[in-house]
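Notes follow once the structure below has been shown.
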Amino acid sequence: SLIEKVVRRLDLVNNPEFNWAKAEPSDMDRRIGAVKSFIKSLMPFGKKKQPEEVALAPADAAEAARRELDGVIGAVRSAIWVNRVGSTYIIEINATSADPKMAANLANTLAEVYLSNQLDTKYDATRRASDWLDLRVEELRQEVRSAEGAVEQHRARAGLFATEGFTLIEQTIRDLNTQLSVAQSEYTEKSARLRNLNSQIQAGGGVDTITEALNSLNIASLRQKQADLAVRKAEAERKYQPQHPEYQRVQVESADIERQITAELNRLVSSLEQEVLIAREKVSTINGSLGSAKADLAKANSAGVEQAALEREAQASRTLLEQFSGRLKETDELDQITDADAIIDSRAPIPGGPSFPNTSLNLMLGIMLGVALAGFVGLVTELLDSYISSPEEVEQVTGVPYIGQIPLLPAAGNFTKSRIKPAEYLIDKPHSGFAEAFRHR
């Protein structure tokens with residue numbers, strides 16, 4: 001896949017070096033093609049009408065293009081060699097090409113594509129994780145909504161509404177307890193006042209000794225009138241006789257005031273008895289409401305177990321949602337700061353000379369092989385030579401002393417088989433090697 005990206009980036013499909021189908025035919029190929037065409041034209045049915053080209057179907061065209069691309073990928077792959085340098089994390093890339101620039105481009109482009117592929121792989125993985133987290137977060141939101149909805153529905157059914165950290169039933173019980181305490185205090189106070197009032201009236205100590213009478217404004221007003229009337233009564237007793245009308249009027253008014261005071265005391269007793277009765281009924285009513293609230297609280301506590309379970313599930317869903325939301329934010333931030341795991345330590349320069357063949361090495365090897373081959377040929381030739389080549393061999397072969405040697409005379413001409421006569425040759429060329437051989441012997 002990396003080499004395919006290199007091929008596409010450098011458009012190597014259209015490069016004749018890696019796609020032989022794009023290479024122009026050589027002169028030899030043209031001559032061979034011309035000969036083939038000439039031979040076909042001489043055949044009886046060689047001049048058939050060429051069939052029209054049939055357009056390939058899109059699927060066939062795509063398959064042909066893919067085969068062509070695979071062939072280029074294979075050619076480029078055979079031109080690239082990748083190796084890890086020792087036990088280090090350095091990766092070495094070597095590329096060969098007939099064009100020096102293309103060789104450098106192949107190595108550098110493969111390195112760039114490798115880094116880009118790392119970034120693309122990380123980005124794709126991050127995107128997939130982000131998409132999955134996004135989908136999961138949405139699912140968790142729905143779960144949280146459902147869980148919270150279930151909590152609220154159960155709270156509404158069970159009446160577990162809360163305020164200031166207490167449910168309404170608990171708050172009601174607290175209020176009822178407070179009201180009961182106040183009502184009982186009022187009942188106790190008013191009952192004590194009633195008992196005290198009755199006991200004071202039964203003791204006959206007079207209005208001045210009755211606490212409730214002292215606090216009554218009506219009785220205070222009547223007592224003020226009684227005091228004023230006492231002055232008038234004393235004045236009437238001093239001036240008039242008991243039979244006098246003024247004296248009798250004062251006596252009637254005094255008795256009327258006493259009657260009013262007594263009636264007011266009876267009214268105070270009756271009013272206080274009503275207050276005690278009302279306070280007792282209030283206490284009883286609050287006790288009934290408190291008992292009912294406690295019964296509701298028992299039911300609510302029973303329903304609270306399920307409520308707590310639902311709240312725990314909702315809280316777990318919220319916690320999970322928060323974790324996934326945080327992870328989603330971290331993943332989205334990673335999209336912007338993703339770096340490749342590798343860097344290009346050094347780029348491939350354009351080579352100044354061919355890497356193959358090594359001229360100096362080949363020359364040295366050629367000389368060494370030539371010398372060795374020459375020695376071998378000389379040795380074989382020497383071993384296969386059966387001619388006599390020295391005076392010693394003549395003596396060994398013939399068994400007679402060696403006198404000397406006289407060279408053969410050359411032929412008279414290139415196109416004749418006749419030989420030159422020795423005597424004539426000696427006269428014609430007295431200073432030749434042939435004449436010297438005769439003189440020497």
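The values are calculated or read from the model by the stated rules, or taken from the named source; none is laboratory data. Everything numeric here is computed off the predicted structure, so don't read it as measured data. Heads up, the Cβs are rebuilt from the backbone with ideal geometry, glycines too, and the neighbour counts pull from every protein chain shown. To get the accessible areas, we keep the full protein, side chains included, count just its heavy atoms, and leave off ligands, DNA and RNA. Shrake-Rupley method; radii C 1.70, N 1.55, O 1.52, S 1.80 Å.
I'd like the full set of residues that are open to solvent by less than 60 Å² (accessible area, probe 1.4 Å) and aliphatic (A, V, I, L, M), limited to region 120-142.
Within region 120-142, A125, A129, L133, V137, L140 meet the criteria.
Restricting to region 69-105, what's the tally of residues that are of a type in the set (S, T, Y) and touching a Leu at 6+ places or on another chain (Cβ under 7 Å)?
Here the count works out to 1.
Among the residues of region 261-285, count how many are in contact (Cβ under 8 Å) with a residue 12 or more places away in the chain and either outside any helix (DSSP H, G or I) or open to solvent by less than 60 Å² (accessible area, probe 1.4 Å) (or both).
9
Which condition number in (1) at pLDDT 85 or above; (2) open to solvent by 100 Å² or more (accessible area, probe 1.4 Å) is the one that I344 fails?
Checking I344 against (1) at pLDDT 85 or above; (2) open to solvent by 100 Å² or more (accessible area, probe 1.4 Å), the one that fails is (2).
V305: loosely packed, with under 13 Cβ neighbours inside 10 Å and either modelled with pLDDT under 85 or in contact with a Gly (Cβ under 7 Å, 6 or more places away or on another chain) (or both), yes or no?
The answer is yes for V305.
With the requirement that a residue be closer than 30 Å to S292 by Cβ, open to solvent by 40 Å² or more (accessible area, probe 1.4 Å) and either modelled with pLDDT under 65 or not small (G, A, S) (or both), what does region 177-219 give you?
N177, T178, Q179, V182, Q184, E186, Y187, T188, E189, K190, listed by residue number.
If the requirement is being of a type outside the set (V, I, T), on the phi < 0 side of the Ramachandran plot and modelled with pLDDT of 85 or more, which of these qualifies: K294, K282, K329? Full working, then the answer.
On the way: K294 fails: modelled with pLDDT of 85 or more; K329 fails: modelled with pLDDT of 85 or more.
When all the criteria are applied, what remains is K282.
With open to solvent by 90 Å² or more (accessible area, probe 1.4 Å), at pLDDT below 70, more than 30 Å from I173 (Cα to Cα) and assigned to a helix (DSSP H, G or I) as the only criterion, which of R238, R249 stands out? Break it down into steps so the answer makes sense when it comes.
Working: R249 fails: at pLDDT below 70.
Sole residue among the options that is open to solvent by 90 Å² or more (accessible area, probe 1.4 Å), at pLDDT below 70, more than 30 Å from I173 (Cα to Cα) and assigned to a helix (DSSP H, G or I): R238.
Only one residue in Y114, Y89 is aromatic (F, W, Y), surrounded by fewer than 18 Cβ atoms within 10 Å (Cβ to Cβ) and at pLDDT below 95. Which one?
Answer to the selection: Y89.
Given the residues L106, L56, which is the only one that is modelled with pLDDT under 75 and not basic (K, R)?
L56
What's the number of the only condition in (1) farther than 30 Å from I90 by Cα; (2) modelled with pLDDT under 85 that G375 fails to meet?
Tallying (1) farther than 30 Å from I90 by Cα; (2) modelled with pLDDT under 85, G375 fails exactly one: (2).
Looking at region 92-111 only, could you name the residues that are hydrophobic (A, V, I, L, M, F, W, C) and open to solvent by less than 60 Å² (accessible area, probe 1.4 Å)?
I93, A95, M102, A103, A104, L106, A107, L110, A111
Looking at R136, R67, R77, R127, which one is free of Cβ contacts under 8 Å to residues at least 40 places away in the same chain and among the charged types (D, E, K, R)?
R67
So which residues in region 381-433 are open to solvent by less than 60 Å² (accessible area, probe 1.4 Å), at pLDDT 80 or above and touching a helix residue (DSSP H, G or I) at 6+ places or on another chain (Cβ under 7 Å)?
Within region 381-433, Y425, L426 meet the criteria.
Could you tell me which residue of region 140-176 is modelled with the highest pLDDT, considering only residues that are part of a helix (DSSP H, G or I) and small (G, A, S)?
Among residues in region 140-176 that are part of a helix (DSSP H, G or I) and small (G, A, S), the one modelled with the highest pLDDT is S146.
Is it the case that L363 is out of contact with any Leu (no Cβ under 9 Å at 6 or more places or on another chain), farther than 30 Å from F438 by Cβ and either charged (D, E, K, R) or at pLDDT 85 or above (or both)?
Judged against the criteria, L363 is a match.
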